[in-house]
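Written below as structure tokens is the structure these notes are about.
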Amino acid sequence: MNKSFAAILLGVLTTALLAISCQQTGEKDGIVKFHGMDVDVKSFLTQFPYSPYGIKMSDDATKLFYLRSGKTNELLMLDLSTGSDLDQGKVISSEDFSKKTFWSHEYNETDGRLYWIGDERNDEIINLYRLNIETGEIEKLTDVPYIYGWAFNADKTKIAYIARLAQNENRLDELHILDLQTLEDKLVYTDKPDFRMTWTDISFSPDEKSIVLTVLKEADRTYTNAACINLDKGTLKVITDPSKEGSLDGTNMLFPWYDENTAYFTSDQTGYPNIYSYNRKSGKTTRITTNESSLSVDWIEVDGKKYLFGIENNPAQTKVSIIDPLNGVVIASENYQVTLGIKTTIDNKAYLGAGATDIPFQLWVMTFDGTNLTKEIVVDLPQEKKEKMIASTTERVTIPTFDIDPKTGETRQLHAYILTPENPLPEGKEIVMIQSFYGGGNYYDIEHQIFNEAGMYVLSPSPRGTSGFGRDFAALNDRDLGGNEIIDIIYCAQYISDKLGVPAERIGVFGMSHGGYATMRLMTFPGEVNGNKASFPFGFGVSVAGFSDIIYEHNHSNIPDWTYLEAGDPDKDRDKLIDRSPITHYEKITGPLLLIHGNHDDRVNIEGSRMMYNALKGIDKPVEFLELDGQGHGVKGIDNNILYYRTILHFIDKL
């Protein structure tokens, strides 16, 4: 189909769907009727139409680059010297980024262009692109099936990137270096079966003769290592202990290097991310810290001396530390009740994105004077906006689950947040929405707040497999997809039912991607897994971009190594994977199910949702399906999002 015609058709279809939905309900644009109330979905979407994670900063801390979601997704630049209001950003491209993937953007001060990895049609065929900010011209710089990771050299005249050239287990990964002036693209290293460059993080040496990066032992994410590639010789040396487990989340390269021969990186082979140095001249790797929490770091400098600026994010609190890179001594530290992420560092200042369940976004600058840390908020939302975006109060709780934590010898406790609506539904009509996976984060979630605005409680728990609690907890669901993580959520459901006095028929479960699978698994759970028995008759569920057949998903995903890690070998573990596929137990569904999926999703194939829809329709079980034309692994654009929330709220309202 012609791309221009397809784009026009998508707009017509989306507009038509919204118009039909509004006509049938008598609703105004963006207003959804729910239990006799008007829920202003559009207000939530327009008060802060940005992704906090997607707000990137130039290295000199003078500019912000970000997407604004509206009728289209616009790319904006905000010059912080002229103001701090995100709404006043300048549109720098005529492209509609709701129709394509836009990841990991970074501004290049050397040539004045913005670089990113993305695709053309939300199908995750990921390549490198750049935008000339002055002319608006976009160039596609590579032509490969998928780029895993990329990074600039020191003067930003070159990019190193990892290209995946085939599908499933036989794929080949290549390290390329792209000259940004001549556009010469040079293959410098091809990986081998023993250590793969999948999902890598990259850091150039100052002389550009070496690159340190992450590698996976035999393509296994649970054995993530750091390695150094000699670009002259085309050889790879693993610089961590390949016999020890380590995770992708906990292994990251620092840039720039400490000096011409010494690279720094984090690795969680001890169970938590710690800082290490590697000297390529001596070949020695040295552990610097003895940390036992989540950790991310970057460089700052005071009077010519380099320090590590560290952030330890935890749902209970976040700790900021200044660390001596030579001995790991913490020189200064402060604690905060927010989640922080480093946007950039310059001299003795670190610019941080800050958020919490009740803070959509702030930009902080923290300054270290050699002794003390100070904080200043440089970008914040007006109070009137915040008041329109927060519809709940948050309570942190711990929920006992079914097994014993070997570290304490006592019942394992799961972290969770309860978001209580400011105006709950009447007594006897209360509704609880439980997030099935990827929950428990201390950050603003617009979906949670819209549910709260509709009067519903939200329980956001962290089942085993969740990151942020150490490598071992995150690895508890490896090769156990649909296993004990599901029982964790069942225990959470019983907990919130007892705490609030809400019966199971008014408790729903929702989630996206892995969470979409978990939603279907919870609603079709046969009652026992791994010898552990549990049950909870969820009243309803909302599965977004989920999969119902694990083996089918493995064979049709652009990241099949994910299912291999999470679920197991589709050949050796075939019987287990079939048993843990929701489609196998579809007749056990406990209540109505809503399925939502984009038909351009190349990560989780839409057939996984279609299978479940057709199976349930075949036995006259209540099921609905919203197929989003042109959408990939997510929902983009204000019209699509209004349709998304209207569909969910109408579905629940009819129960």
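The values are calculated or read from the model by the stated rules, or taken from the named source; none is laboratory data. The structure displayed is predicted, hence computed values, not measured ones. When we count neighbours, we look across all protein chains shown, and the Cβ atoms used for this are built from the backbone with ideal geometry, even at glycine. Just the protein is used for accessible areas: all its heavy atoms, side chains included, with ligands, DNA and RNA removed. Shrake-Rupley method; radii C 1.70, N 1.55, O 1.52, S 1.80 Å.
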Kindly provide the GluC sites (Glu not before Pro) of segment 196-265 that DSSP labels as loop, not H, G, I, E or B, and whose Cβ sees at most 14 other Cβ atoms within 10 Å.
GLU218, GLU260
Just the Cα atoms of segment 249-293, one point each, no solvent: what log10 I(q)/I(0) does Debye give at q = 0.18, 0.27 Å⁻¹?
-0.49, -0.94
I'd like the Karplus ³J(HN,Hα) series for segment 593-608: coefficients 6.51, -1.76, 1.60, θ = phi - 60°, whole numbers in Hz, and an x wherever there's a Gly or Pro.
10, 10, 10, 10, 7, x, 7, 10, 6, 9, 8, 10, 5, 4, 4, x
Using protein chains only and a probe of 1.4 angstrom, how many square angstrom of VAL188 are accessible, to the nearest 10?
30 Å²
For segment 517-655, what does the relative contact order come out to in percent, with C-alpha contacts under 8 Å and a separation of six or more?
27 percent
In segment 415-484, trypsin sites (Lys or Arg not before Pro) in a DSSP loop with at most 16 other beta-carbon atoms within 10 Å
LYS429, ARG479
Can you say what percent of the DSSP beta bridges in segment 391-492, counting only those with both residues inside, are antiparallel? Round to 5.
85 percent
Residues of segment 184-265: accessible area per residue with a 1.4 Å probe, Å²
42 Å²
With just the Cα atoms defining each centre, how far is segment 111-140 from segment 191-247? Give it in Å.
27 Å
Rounded to the nearest 500, what is the chain's calculated 222 nm mean residue ellipticity when only DSSP H runs of at least 4 contribute -39500 (n - 2.57) each, over all residues?
-5500 deg cm²/dmol
Taking only the alpha-carbon positions of segment 345-438 and ignoring solvent, what does the Debye formula give for the base-10 log of I(q)/I(0) at q = 0.20, 0.21 Å⁻¹?
-1.02, -1.05
List the residues, sorted by chain then number, that are 5 or more residues from VAL39 or on another chain and whose placed amide H is less than 5 Å from its amide H.
VAL32, LYS33, PHE34
Could you state the number of Å between the C-alpha centres of segment 562-619 and segment 303-368?
41 Å
Just want to confirm a number: the relative contact order over segment 162-277, from Cα pairs under 8 angstrom separated by 6+ residues, in percent.
17 percent
Using the Cα centre of the chain as the reference point, and only Cβ charges (+1 on K/R, -1 on D/E), how large is the resulting charge dipole? Debye, rounded to the nearest 20.
500 debye
With the dipole of the chain defined by +1 on each Lys or Arg Cβ and -1 on each Asp or Glu Cβ, the option from LEU141, PHE265, GLY83 whose Cα lies farthest towards the positive pole is PHE265
Starting from the alpha-carbon convex hull of segment 175-319, give the projected area averaged over all orientations, in nm².
10.1 nm²
If amide H atoms are built 1.01 Å from N in the plane of the peptide, which residues on other chains or at least 5 residues away come under 5 Å of the amide H of GLU624?
LEU593, LEU594, LEU595
Charge sum, other residues only, whose C-beta stays under 12 Å from ALA416's C-beta, Lys/Arg counted +1 and Asp/Glu -1
0
Could you tell me what % of all Cα pairs in segment 39-168 have separations over 19 Å?
52 percent
Over segment 419-506, how many percent of alpha carbon pairs lie in each 5 Å bin up to the one with the longest distance?
3, 14, 22, 21, 18, 12, 7, 3, 0
As an exercise, identify the GluC sites (Glu not before Pro) in segment 427-515 lying in DSSP coil whose Cβ has no more than 10 other Cβ atoms within 10 Å.
GLU427
Per residue of segment 353-362, what does 6.51 cos²θ - 1.76 cosθ + 1.60 with θ = phi - 60° give for ³J(HN,Hα)? Whole Hz please, x for Gly and Pro, Karplus curve as stated.
x, 10, x, 7, 4, 10, 10, x, 6, 9
For segment 276-348 (alpha-carbon point model, no solvent) the Debye-based log₁₀ I(q)/I(0) at q = 0.14, 0.21 Å⁻¹ works out to -0.48, -0.98
Charge dipole (debye, nearest 20) of segment 151-292; +1 at Cβ of Lys and Arg, -1 at Cβ of Asp and Glu:
280 debye
Using a probe radius of 1.4 Å on heavy atoms only, what accessible surface per residue do you get for segment 432-494? Whole Å² is fine.
22 Å²
Could you order the peptides 601-611, 362-372, 62-72 from most to least packed, using the average number of other C-beta atoms within 10 Å per residue?
601-611, 62-72, 362-372
How far is helix 3-25 tilted, in degrees, relative to the longest principal axis of the Cα atoms in the chain, given as a value from 0 to 90 rounded to the nearest 10?
40 degrees
Enumerate the whole-percent occupancy of each 10 Å bin, from 0 to the last occupied one, for all C-alpha pair distances of segment 533-655.
13, 40, 35, 11, 1
Given a cut-off of under 8 Å on Cα pairs at least six residues apart, what relative contact order in percent is computed for segment 209-312?
17 percent
Of the convex hull drawn through the C-alpha atoms of the chain, the volume per residue in Å³ is 157 Å³
